[in-house]
Every structure is written in structure tokens, then in C-alpha cells.
Ligand SMILES: [Zn+2]
Ligand SMILES: [Zn+2]
Ligand SMILES: [Zn+2]
């Protein structure tokens with residue numbers, strides 16, 4: 001927007017307009033005699049003067065109209081101006097009939113707990129020193145259906161310690177429990193009493209100073225979009241309206257502060273009780289007038305964050321329902337994604353801006369490999385049947401080549417065994433490395449604790465005990481074909497129908513079940529065993545790319561050249577009939593099977609078993625996780641991905 005506010009701007013603008021007009025005039029005039037020229041100039045000047053007067057008049061008009069409509073300062077806290085639509089769009093949650101409750105201020109709670117609150121409220125007011133209240137919150141069974149959040153408030157200033165305790169529900173976190181404890185403490189104390197609330201959650205104390213104490217200086221973005229913004233607004237209203245002062249102080253938890261211990265106990269007892277959760281009446285504050293509801297429940301986190309999480313989880317759910325994903329990754333829940341994604345991203349963190357063309361090519365290759373979408377001859381033939389009359393593997397020249405055959409080709413068997421043996425030979429080296437860094441980390445931890453003046457036992461260094469060959473065989477037996485690859489000769493699998501095969505390891509998938517089973521044979525802490533096995537699978541994957549996939553590409557290109565298929569032919573546009581795409585992308589589907597990899601006998605009315613695309617089911621999982629009843633997998637959250645160091 002142009003600023004018409006200052007008179008300087010006005011002058012600049014008029015000058016500019018005049019100059020432009022002059023230039024225009026000069027270009028158009030043909031000059032004949034001196035008299036005629038002088039006359040013309042005079043006319044021009046007059047015309048310009050008139051133009052100038054017009055521009056100035058118009059600008060003055062604009063300026064005066066701006067002054068009328070635009071107020072100089074935006075009023076703070078004018079909710080009528082911020083939410084002109086509030087009345088029409090405010091949605092009240094449906095009333096739920098339940099056990100009898102009592103209303104105390106903005107709180108709605110069971111009569112018994114209300115009575116304990118009244119006892120504290122009726123105590124004698126003494127403002128010679130502010131009264132100290134301890135509050136604490138507790139979150140039990142998070143991630144299960146039995147999730148319970150509760151809080152306790154303790155007043156030690158009376159003859160007997162007075163406690164108030166209760167449960168809460170909705171979005172679950174320990175911060176919510178602590179916040180409810182703080183609210184209960186403020187509302188329990190007699191209104192005229194100055195109080196100091198001591199609690200052990202640093203972030204709640206910080207939020208208090210931002211969202212209650214200095215609320216008038218806090219930007220609307222913070223006030224409206226913080227987690228539990230409604231409860232904070234109610235707390236602010238409660239603190240503002242009481243005559244006594246409120247201070248909130250952080251204390252260290254679990255360090256034998258009597259009041260804190262009592263509050264903690266009260267919170268734990270309440271969490272295990274089946275009492276009615278306290279409700280906070282969010283209409284009893286004037287700052288925030290509109291709250292979002294989602295599937296009948298109030299949204300207590302930032303709405304934009306919720307929408308982001310929703311699209312993430314919906315995308316993930318749609319991805320798991322794809323046939324090619326079902327085929328390429330037989331059991332999505334049995335994959336150690338930390339390690340698998342670390343291979344995909346070539347051990348770089350996802351959210352760094354690190355990138356170059358080599359890294360980008362490598363990532364493409366990894367993702368195609370993971371999804372079974374490498375351009376093998378079967379898909380080349382489907383794309384351009386005119387160039388590829390056959391899709392027989394160019395290495396063994398026996399079988400048709402698809403994403404499965406690449407890794408299982410008989411001509412690659414020897415290489416696979418070699419890579420496997422090399423990786424096995426490196427396990428001790430990796431083990432010693434991992435053990436050393438484990439010991440060093442323990443030592444650092446110990447030093448830090450001693451520097452802080454804590455009494456901790458000195459860590460005993462751990463030694464690396466190499467597992468025997470028989471141990472290893474026991475460890476990896478769940479993997480199909482692993483025994484044969486290990487011994488270099490045909491050997492039966494332990495399981496009749498193994499879920500994972502050696503080819504899956506070569507594609508860079510780390511199965512969780514293998515990790516658990518194999519880690520057990522190591523006589524070291526689990527984390528060391530896991531690091532070693534991540535390195536093992538990473539080595540197999542990297543070497544298989546170099547020694548199996550790349551030679552395969554060279555062999556195929558040599559064959560293409562012998563057939564007269566040029567690079568230009570491969571990139572030229574093809575308009576003829578295409579191959580059979582219904583048979584899946586990277587895999588050849590055998591008779592009696594579906595492209596999803598399952599046999600057709602398991603398909604009811606042609607529907608693939610397992611996940612189907614269902615945004616509602618995805619939303620439900622997200623809501624359950626927000627309510628603390630379920631933990632989402634890393635792929636469903638896909639926020640900051642913590643890689644295991646490899
Ligand atoms: Zn606490
Ligand atoms: Zn082959
Ligand atoms: Zn299917």
C-alpha cells in the first residue's frame with residue numbers, strides 16, 4: 001500500500017507526475033517556426049499547470065478520506081472487532097447427562113471434591129506473608145485406553161494439611177495435569193489471600209508468566225494458539241478477578257520437598273480413582289470467544305497444528321493401503337523405520353537442507369528400491385512394448401526380471417554370499433566401536449552428575465564379547481534364505497513361511513522382529529546390539545547396490561546396445577498400445593495371486609486384505625493419540641525423525 005501519510009510523499013508524487021507530463025509533451029510536438037514553438041510551449045505549460053492542480057486536488061481528497069476511515073491505533077483486546085462472526089459460528093458441545101456435579105466458579109466437579117475445595121476456601125485469611133500452596137499433576141497409563149490425568153493441591157499452613165484433588169480429561173499430557181492443578185490451587189484459596197503456588201513443571205511456570213501475568217503484552221497469536229489456550233484464559237480471568245495476589249514458582253520435583261511429595265501423592269491417588277473428571281467452563285472468560293470442535297470434542301491444541309497432523313496421518317494411511325506398498329513391505333508395523341529411513345536419507349537428517357544432485361539421485365534409488373519400483377525389464381516392457389519384445393533377465397537369461405528377481409537371480413547368489421560374509425566379518429569391529437562409544441557416553445554422564453554434586457555409582461566399562469557363529473545363526477533364522485546365504489549352500493529355513501527374506505535386507509529394510517531376536521544373542525546392552533545390526537543391514541544394502549544392481553544395469557545396457565535400442569529410443573514418446581499395467585508396477589504377478597502379494601483366496605469380493613484407504617480411520621487414530629489413548633508410530637507422526645546413529 002502506498003503511504004499517503006506525509007507531506008513529503010505528496011510533493012515527490014506531484015513532481016514525478018509533472019516530469020512525466022513534460023517528457024510526453026516534448027516528444028509529440030513537431031517544431032516549425034520560433035513563434036509557433038513559443039506559443040506551443042506556453043500552451044503546454046498551461047496544460048501542465050492544470051494537470052498539476054488536478055493531481056494535487058485528487059491527492060488531498062485521498063488523504064482526507066483516509067483520515068476519516070482509519071483509526072490511529074488498533075484497540076487491544078477488542079474481541080467484538082476481532083470476531084465479528086462469533087455469534088453465528090459458535091458451537092456448543094452437546095450436553096451430556098452424567099453424575100451430579102457442583103459448580104464452583106468456572107469449575108464443574110463432583111460434590112465430594114467441591115466440599116474439600118470449600119474447606120480451603122473457608123480458612124482464615126492472613127496476608128502478613130503470602131500463603132504457600134503446592135500443586136502437582138500426574139499422567140498415568142499414557143498411550144493406553146486406561147489413560148488418566150489428575151492433580152493434587154496441598155495447603156500446609158493449617159493445623160492439618162488440606163488437600164484438593166481431582167481428575168481431568170480431554171487432550172492428555174503431563175502439562176495439562178499440572179495446569180489444572182495450578183487452576184485448582186488458585187480457585188481453592190480464599191480470594192483475598194495472597195498466594196504462592198509451587199509446582200515442578202518449568203514449562204507451565206514459563207507459560208504462566210506469558211499467558212497470565214503479562215497477558216496484556218502477549219500477542220494474540222500466543223494467547224489464542226497456545227496449547228490449552230482456553231484453560232489459560234480462564235486462569236487469567238480467575239487471577240485478574242481475585243483481590244489477592246498470585247505468584248507461581250518452580251521447585252525441583254522428587255527432591256524431598258514435603259509439600260510437593262504430598263501433592264504428588266494426592267495426584268497419583270486421584271488418577272487411580274474413578275472420580276468424575278473436572279470440567280472447565282470456557283465461557284467464563286472474555287478473551288477467547290470461539291473454540292474449534294473436532295468430531296464432537298474440543299480442540300485444545302493449535303488448530304493449524306491439528307490440521308497438519310491430520311493431513312500427515314491421512315497421507316500415511318493412504319500410503320499403507322497401496323497395493324505396491326503391501327507387496328514391497330509385507331508388514332509395515334514390523335519395520336524399524338528409524339534405521340530404514342536412515343538408509344533412505346543416506347544417514348543425513350531429514351530436516352537439514354543438505355542436498356546435492358548425487359544425494360538426490362541416491363535417495364530416488366533408495367525410495368524406488370523400498371517400494372519395489374526399480375525400472376526392471378518387466379516394467380520397461382510394459383512401458384515400451386515396441387522396444388522390448390521380451391523381459392528375460394540379462395544376467396541369468398532364464399527367468400523374467402522383476403523387482404523380486406533382481407535380488408534373487410541365481411547369478412547374484414555368489415555375490416550375495418560374499419557380501420554377507422564380509423558384513424559378518426565386520427561385526428566384531430562394529431561391536432568394539434559401539435561398545436567404546438557406549439562406555440564413553442556413560443563416562444560423560446557420570447562426570448556431569450558428579451559436577452552437579454550428585455552421588456552416583458561409577459560406571460563399570462562394558463566389554464565386547466563376540467557371539468559365536470552358532471549364536472548368529474540362531475539370531476537371524478527368522479529371515480528366509482539367510483541360512484542358505486550364510487553357509488553358501490542350499491539350507492532349509494527355520495520357519496515354514498518367513499515374513500522377511502534376505503532380499504528385503506538387501507533392499508534396506510530392517511525388520512523389527514529380526515532386530516529383537518538377533519539382539520538377544522549378544523551379551524551386551526540392547527542398544528549396542530541394535531547399533532551393530534543397523535550397521536550390518538546398512539552394509540548389505542550399500543554393497544548390494546554396488547555389486548548387484550549396478551552390474552545388472554551394465555549387463556542390461558550392453559544387451560540393449562546389441563539389440564540396437566539407443567538412449568534416444570528409450571526417452572522418445574511412445575503412443576502405441578501399452579503392456580499390462582493391471583499386473584502391478586514393479587513385480588510380475590503370478591497366477592492365483594493379487595498384485596498386493598496375497599493369494600486371491602484371501603480376497604473377499606476382490607478386495608485386498610489389510611488397510612484400505614479410509615481418512616476417517618486415520619482421523620480416529622489421531623484423535624485417540626491426542627486423548628492419550630494410543631501412541632502413534634513414527635511414520636504416522638513423521639515430525640522430527642530421530643535417527644539411530646549408524
Ligand atoms: Zn509435577
Ligand atoms: Zn536373473
Ligand atoms: Zn490384493
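The values are calculated or read from the model by the stated rules, or taken from the named source; none is laboratory data. No experiment lies behind these values; they were computed from the predicted model shown. Cβ: placed from backbone, ideal geometry, glycine included. Neighbour counts: every protein chain shown.
Structure summary
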read-out: Out of 65, 32, sole residue that is at pLDDT below 80, outside the structural domain of residue 166 (by TED's automatic domain parsing) and surrounded by 10 or more Cβ atoms within 10 Å (Cβ to Cβ); value: 65
read-out: Meets criteria (free of Cβ contacts under 8 Å to residues at least 12 places away in the same chain and part of a helix (DSSP H, G or I)) for residue 530; value: no
read-out: Close pairs from segment 417-429: first over 16 Å from residue 484 (Cα atoms), partner in a helix (DSSP H, G or I), Cβ under 7 Å, at least 6 apart; value: 426/539; 427/532; 427/536
read-out: Matching residues in segment 570-581 - criterion: being out of contact with any helix residue (DSSP H, G or I) (no Cβ under 9 Å at 6 or more places or on another chain) and part of a helix (DSSP H, G or I); value: 571
read-out: Residue within segment 341-353 that is surrounded by fewer than 18 Cβ atoms within 10 Å (Cβ to Cβ), within 38 Å of the chain's Cα centre (by Cα) and part of a helix (DSSP H, G or I) present; value: no
read-out: Meets criteria (buried (at least 17 other Cβ atoms within 10 Å of the Cβ) and either outside any loop (DSSP other than H, G, I, E, B) or not assigned by TED's automatic domain parsing to the domain that holds residue 230 (or both)) for residue 264; value: yes
read-out: Condition broken by residue 147, with the remaining ones in (1) under 34 Å from the mean Cα position of the chain (by Cα); (2) closer than 17 Å to residue 244 by Cα satisfied; value: (2)
read-out: Extreme residue, farthest from the chain's Cα centre (by Cα), among residues of segment 584-606 that are touching a residue at least 60 places away in the same chain (Cβ under 8 Å) and more than 16 Å from ligand 2 (Cβ to nearest atom); value: 594
read-out: Filter result for the condition that a residue is more than 19 Å from residue 526 (Cβ to Cβ) and either within 16 Å of ligand 1 (Cβ to nearest atom) or not in a loop (DSSP other than H, G, I, E, B) (or both), over 407, 430; value: 407
read-out: All positions within segment 485-503 that are free of Cβ contacts under 8 Å to residues at least 24 places away in the same chain and part of a helix (DSSP H, G or I); value: 487
read-out: Qualifying residue in segment 389-404 (condition: under 30 Å from residue 522 (Cβ atoms) and either touching a residue at least 12 places away in the same chain (Cβ under 8 Å) or within 16 Å of ligand 1 (Cβ to nearest atom) (or both)); value: no
read-out: Residues being in contact with a helix residue (DSSP H, G or I) (Cβ under 7 Å, 6 or more places away or on another chain) and free of Cβ contacts under 8 Å to residues at least 60 places away in the same chain - total across segment 353-382; value: 2
read-out: Residue that is nearest to ligand 3 (Cβ to nearest atom), among those in segment 610-630 that are assigned to a loop (DSSP other than H, G, I, E, B) and surrounded by 13 or more Cβ atoms within 10 Å (Cβ to Cβ); value: 610
read-out: Qualifying residue in segment 325-332 (condition: more than 22 Å from the chain's Cα centre (by Cα), within 21 Å of residue 570 (Cα to Cα) and modelled with pLDDT of 90 or more); value: no
read-out: Evaluation of residue 559 against (1) more than 42 Å from the chain's Cα centre (by Cα); (2) touching a residue at least 40 places away in the same chain (Cβ under 8 Å); (3) assigned to a loop (DSSP other than H, G, I, E, B) (one fails), failing number; value: (3)
read-out: Selection within segment 252-272 - modelled with pLDDT under 90 and farther than 16 Å from residue 178 by Cβ; value: 255, 256
read-out: Checklist (1) part of a helix (DSSP H, G or I); (2) assigned by TED's automatic domain parsing to the domain that holds residue 110 applied to residue 276, failing item; value: (1)
read-out: The listed residue being surrounded by 15 or more Cβ atoms within 10 Å (Cβ to Cβ), within 16 Å of ligand 3 (Cβ to nearest atom) and under 28 Å from residue 501 (Cβ atoms), out of 372, 431; value: 372
read-out: Matching residues in segment 241-252 - criterion: being under 26 Å from residue 300 (Cα atoms) and surrounded by 15 or more Cβ atoms within 10 Å (Cβ to Cβ); value: 242, 246, 248, 250
read-out: Failed condition for residue 550, given (1) away from ligand 2 (no atom under 16 Å from the Cβ); (2) without any contact (Cβ under 8 Å) to a residue 60 or more places away in the chain; (3) surrounded by fewer than 14 Cβ atoms within 10 Å (Cβ to Cβ); value: (1)
read-out: Residue within segment 121-130 that is modelled with pLDDT under 90 and assigned to a helix (DSSP H, G or I) present; value: no
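The rows are residues; the columns are (1) closer than 18 Å to residue 547 by Cα; (2) more than 16 Å from ligand 3 (Cβ to nearest atom); (3) part of a helix (DSSP H, G or I).
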position	(1), (2), (3)
359	no, yes, yes
365	yes, yes, yes
368	yes, yes, yes
379	no, yes, yes
385	no, yes, no
390	no, yes, no
